[in-house]
There are 2 protein chains.
Amino acid sequence: MPAVPAHPFDTAIALQADEHAHFIGHTSPAYANMIGPFGGITAATLLNAACLHPARLGEPLALTVNYAGPVADGPFRISARAVRTNRSTQHWSMELEQGGAIAATASAVFAARRETWSATEIGFPQVPPATEVPINPMPARVAWFKQYEMRFAEGGMPDFRIAPPADDSTAHDTTSTLWVRDEPPRPLDFASLAAICDVFIPRIFLRRRRPTPAGTVSMSIYFHAGSEQLAAQGTQPVLGRARAQHFRAGYFDQTAEVWSPDRHLLATTQQVVYYKE
Amino acid sequence: MPAVPAHPFDTAIALQADEHAHFIGHTSPAYANMIGPFGGITAATLLNAACLHPARLGEPLALTVNYAGPVADGPFRISARAVRTNRSTQHWSMELEQGGAIAATASAVFAARRETWSATEIGFPQVPPATEVPINPMPARVAWFKQYEMRFAEGGMPDFRIAPPADDSTAHDTTSTLWVRDEPPRPLDFASLAAICDVFIPRIFLRRRRPTPAGTVSMSIYFHAGSEQLAAQGTQPVLGRARAQHFRAGYFDQTAEVWSPDRHLLATTQQVVYYKE
C-alpha cells in the first residue's frame, strides 16, 4: 500500500535532530516568497523546533520571531533552548543559522493552561460565511500564495496596473478581512496557525496601491486557543483581519486577529514591517 | 557646588559593564511592584543594555521582553549580544540572570531610519488635555505608582471595596485612557517610553473589579518615534490607551498605544498576562 504523501506544509516545517541536539531543516520551494521563504513558514518552523524538543512542556502561548537576515534556498540549522521552566510556563529561545550567520531569532512561551473565567472583548467581524465569499486568485509569481485558499471580504491584493491617485488625499483604509485555509486542506494546529498569522499582504500595498519593497522585521503572536480547540476546527477556513496603525520613516506596524468560524478568537498578532518608498 | 542627584528612573536602569562584557544592575526600591520590580523598569533596563553596548547602531525600533521568572531585590547581570548587523537594521538578544537562573529574556531591533511618506491610520483618542484631567492618587502599597503622575480620563484603578456584580452579565469594557509622565518630571526617551508601555494596570482588575493575581508574561513594543521626536516632548505627559481583547484559561492579552500631546503616535505595544481566577 503506498504511503500517503506528506502535506507540503509538514514537509516545509520538518526538522531532523543532529548529533549536537540542533535541528536541521531545508527551505521549501512550495513556500518561497519573492526573495527567500514566506515569513510565516519560518515562524512555523522555529515554533516547531521548540515543540519537537524533548524538554518541551505545555502548549504555545506566545511567539516572537525576528527576521534578522535573508534565508537562502537550502538547508539551515535551528538551535532551541529552554531558558527557564516554571510550574506552569516554560520560556524558549531559538536561533536559525545558515552559512555561519544568524538569519532569524525567536522566543516562545509555552504554558500548561487550566480553565478559568473567560471573555472576548473585541467583536467578530461582520462578514459573510466562507462559502459566500469568492476565492481570490493571487499573483502566480509568488509560490506560497498557492499554498493558501484566500477569500477576501475586503482588502484584497490591489491591481497595480491601475494607477494610484497622484496624491495621498484620499482616505485609504488598509483593513483586510479574509477567510483562509491551507491548500490542500490540512487540519489546523499551532504551527499552521502561526503561519496564517503572516499571510496578510504588506499593508503598504493597500495604502499606496503600487509595488513597494517590504518585509517583516519582527512578528509576535499570542495563541488564545488550546490544541483541542484547534483540532476541532479541522480543515475549515479561519477568518483573518489585519490593519496597519502607523507608517513612518521606513517602517509600519500591522495588528491582526484570527477567528474560528464559530467566533472564537484563536490568535492575535502584530508585526513591524520595513518598507521602501 | 553639589551634584544634581540622578532621577530615580536613571538610577533604576543604570548598568555597569563588568570584566566579561556583561552589564551589572541592581533592583530599585522606588520601582518595586507587589512582588519584584515593575515590569516596565525591567524592560527599560534590558533595552538600556543594548543601547549602552559599544557595538550598537541606530535607534530602537522593536523590543520584546519575556518575563521568565521572579526578580529578587538585589543585583542582576545582563548579557547583550548583537546577533546580526545589516545595512540599516541590527538585531539584539538580551538575557537577565540572577542567582544562576535566567529571569528575563529580550530581543530588540535597532534601525537607522530615514524619512519617507508617513501616515497614521488610527485616531487620536477623544480626551481633554492633561491639565483638565485630575491626577488620580494610586494605592500607596505599590512603590512604582509613586514614580508616575497618572491622570485617568477613563478606566482608572477600581475600588475593590465596592463589591463587583455577582455575575458577568454586565458589559464591562477594559479600556483605560490616561495622561502619564514620570514623577518627578523627566525628559522622554526610548527607555522611559518602554517603561510607560507597561504602566497600564492589569485589565483583569477593570473587568472583574476584584483583586486578582496577575503578571505580564511577554510584552512587545514598536517604537514609531525617533529620538528627536521624543526629545521634543520634554517632560510633557503622554497619552496612553490600553484595552484587553481576550481572556481565556489563565491568560489575557492587552493592546495599547502611546501618543504625544501633539497627536503623534509614539509607540504601540502588546502583552500577554497571566491571571489567576
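The values are calculated or read from the model by the stated rules, or taken from the named source; none is laboratory data. Since this is a predicted model, take the numbers as computed values, not measurements. In this analysis, Cβ positions are derived from the backbone assuming ideal geometry, glycine residues included, and neighbour counts consider all displayed protein chains.
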Being within 14 Å of chain A (Cβ to nearest Cβ) and touching a residue at least 24 places away in the same chain (Cβ under 8 Å) is the requirement here; does B:Tyr31 meet it? no
Which residue is surrounded by the fewest Cβ atoms within 10 Å (Cβ to Cβ), if the candidates are limited to the stretch B:203-262 and must be polar (S, T, N, Q) and closer than 19 Å to B:Arg151 by Cβ? B:Thr235
Which strands (runs of 3 or more DSSP E) does the stretch B:35-117 wholly contain that include 1 or more residues that are facing chain A (nearest Cβ under 9 Å) and more than 21 Å from the chain's Cα centre (by Cα)? B:75-85, B:89-98, B:101-111
Scan the stretch B:37-51 for residues that are out of contact with any strand residue (DSSP E or B) (no Cβ under 7 Å at 6 or more places or on another chain) and either at pLDDT below 95 or over 19 Å from B:Thr216 (Cβ atoms) (or both) and report the count. 1
Take the stretch A:235-252 and flag every residue that is of a type outside the set (Ser, Thr, Tyr) and either within 18 Å of the chain's Cα centre (by Cα) or modelled with pLDDT under 95 (or both). A:Gln236, A:Pro237, A:Val238, A:Leu239, A:Gly240, A:Arg241, A:Ala242, A:Arg243, A:Ala244, A:Phe252
In the stretch A:1-21, what residues are surrounded by 11 or more Cβ atoms within 10 Å (Cβ to Cβ), modelled with pLDDT under 95 and at negative phi? A:Ala17
Filtering the stretch A:118-143 down to residues that are of a type in the set (A, V, I, L, M) and within 30 Å of B:Gly250 (Cβ to Cβ), which residue is farthest from the other protein chains (Cβ to nearest Cβ)? A:Val127
Go over the candidates A:Ser192, A:Ser220, A:Ser227 one by one and state the one that is more than 15 Å from the chain's Cα centre (by Cα) and closer than 30 Å to B:Phe247 by Cβ. A:Ser227
How many residues does the stretch A:66-80 contain that are loosely packed, with under 15 Cβ neighbours inside 10 Å and either free of Cβ contacts under 8 Å to residues at least 24 places away in the same chain or in contact with a helix residue (DSSP H, G or I) (Cβ under 9 Å, 6 or more places away or on another chain) (or both)? 1
Answer with yes or no whether A:Gly155 is within 20 Å of A:Arg243 (Cβ to Cβ), small (Gly, Ala, Ser) and surrounded by 19 or more Cβ atoms within 10 Å (Cβ to Cβ). yes
Listed residues A:Asp262, A:Asp173; which is touching a strand residue (DSSP E or B) at 6+ places or on another chain (Cβ under 9 Å) and part of a loop (DSSP other than H, G, I, E, B)? A:Asp173
Among residues belonging to the stretch A:178-231 that are outside any strand (DSSP E or B) and among the β-branched types (Val, Ile, Thr), point out the one that is farthest from the other protein chains (Cβ to nearest Cβ). A:Val199
Scan the stretch A:159-188 residue by residue and report those that are farther than 16 Å from A:Met138 by Cα, surrounded by fewer than 19 Cβ atoms within 10 Å (Cβ to Cβ) and modelled with pLDDT of 95 or more. A:Thr175, A:Pro185, A:Arg186, A:Pro187
Those residues of the stretch A:13-34 which are within 15 Å of the chain's Cα centre (by Cα) and closer than 29 Å to B:Arg87 by Cβ, in sequence order: A:Tyr31, A:Ala32, A:Asn33
Scan the stretch A:106-138 for residues that are within 18 Å of B:Gln245 (Cβ to Cβ) and among the acidic types (Asp, Glu) and jot them down. A:Glu121
If you go through the stretch B:255-276 one residue at a time, do you hit one that is touching a Lys or Arg at 6+ places or on another chain (Cβ under 9 Å), more than 9 Å from chain A (Cβ to nearest Cβ) and of a type in the set (S, T, N, Q)? no
Inspect the stretch A:222-237 for any residue being within 20 Å of A:Tyr31 (Cα to Cα) and not assigned by TED's automatic domain parsing to the domain that holds A:Val65 and give the result as yes or no. yes
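Results for (1) aromatic (Phe, Trp, Tyr); (2) closer than 30 Å to A:Glu115 by Cβ, shown as yes or no for each residue.
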residue	(1), (2)
A:Pro211	no, no
A:Phe223	yes, yes
A:Gln229	no, yes
A:Ala242	no, yes
On the given criteria, is A:Ala244 facing another protein chain (nearest Cβ under 10 Å) and out of contact with any Phe, Trp or Tyr (no Cβ under 7 Å at 6 or more places or on another chain)? no
B:Phe252: passes all of (1) farther than 24 Å from B:Arg141 by Cβ; (2) of a type outside the set (Asp, Glu); (3) outside any loop (DSSP other than H, G, I, E, B) but (1)
